[in-house]
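Since the structure comes first, as structure tokens, the remarks are kept for the end.
The values are calculated or read from the model by the stated rules, or taken from the named source; none is laboratory data. Owing to the predicted nature of the structure, the values given are computational and were not obtained by experimental measurement. Don't worry about glycine lacking a Cβ; one is built from the backbone with ideal geometry, like all the others, and counts go over all protein chains shown.
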Amino acid sequence: MKLSIIAIFFSFSMSSLIAQNNNLKILKDELTVYEGVITKEGLSKSVLFTEINKWIAIYFVSANDVIQFSDKESGELIAKGVHSYTQGVAPYKLKYTLSITVKDGRFKFNITITSWLVGTVYTPSLHRLIDKPNAKYSIKCFAIIKSIRENIVNELVKIGGASEDEDW
């Protein structure tokens, strides 16, 4: 129970961090799809695309395994990721697709949850969670999923920002 409350509190605090960012506009906020636009005034499409690729190389264990499609000319990038999370003795894995489209001064992201693993068995579908939103298990899963995707967005918002040690 305490872990569920902590996960829900963490989720709400992450939401408030995201909401405070003026460079972020959320377009879609559903359990399986989270989409928005991040504005980066003064940065060209080319620079943003390069910065996003650097971010992927740092954020994920192996960028080569994660990136499924990357086209600098069109500004499109598709990556498949997995986030692992352990609560008590049950390991959770969230699989998702991250699609990014870059334009001058901004980029659009789309995080689509593709599967949810608890222990060693994939749940038949995320619809089971959606069908019973008030179930204790669903509430716990929603909080974990929301905190993971918001953590991704908080990291995306940092892309293209000035480095503290830029004057080396």
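So Ser138 clears everything in (1) at pLDDT below 90; (2) of a type in the set (Gly, Ala, Ser); (3) not in a helix (DSSP H, G or I) except one condition, right? Which one?
(3)
Any chance you could count how many residues in the range 38-81 are touching a Phe, Trp or Tyr at 6+ places or on another chain (Cβ under 8 Å) and under 15 Å from Ile152 (Cβ atoms)?
8
Just wondering, is there one or more residues in the range 64-77 that are crowded, with 16+ Cβ neighbours inside 10 Å, at negative phi, part of a helix (DSSP H, G or I) and free of Cβ contacts under 8 Å to residues at least 24 places away in the same chain? Quick ask: steps written out before the conclusion?
Keep residues of the range 64-77 that are crowded, with 16+ Cβ neighbours inside 10 Å, which gives 66-67, 70, 75, 77.
Now restrict to residues that are at negative phi: 66-67, 70, 77.
From what is left, the residues that are part of a helix (DSSP H, G or I) are 66.
Checking the rest, the ones that are also free of Cβ contacts under 8 Å to residues at least 24 places away in the same chain come to 66.
Checking the range 64-77: at least one residue is crowded, with 16+ Cβ neighbours inside 10 Å, at negative phi, part of a helix (DSSP H, G or I) and free of Cβ contacts under 8 Å to residues at least 24 places away in the same chain.
If a residue must be modelled with pLDDT under 95, among the β-branched types (Val, Ile, Thr) and touching a strand residue (DSSP E or B) at 6+ places or on another chain (Cβ under 6 Å), how many such residues does the range 65-103 contain?
Total satisfying the criteria: 3.
When you scan the range 92-119, how many residues do you find that are closer than 19 Å to Val33 by Cα and either among the basic types (Lys, Arg) or not in a strand (DSSP E or B) (or both)?
Matching residues across the range 92-119 total 3.
Using the structure shown, decide if Ile159 is under 22 Å from Ser46 (Cα atoms) and either in a loop (DSSP other than H, G, I, E, B) or at pLDDT below 75 (or both).
yes
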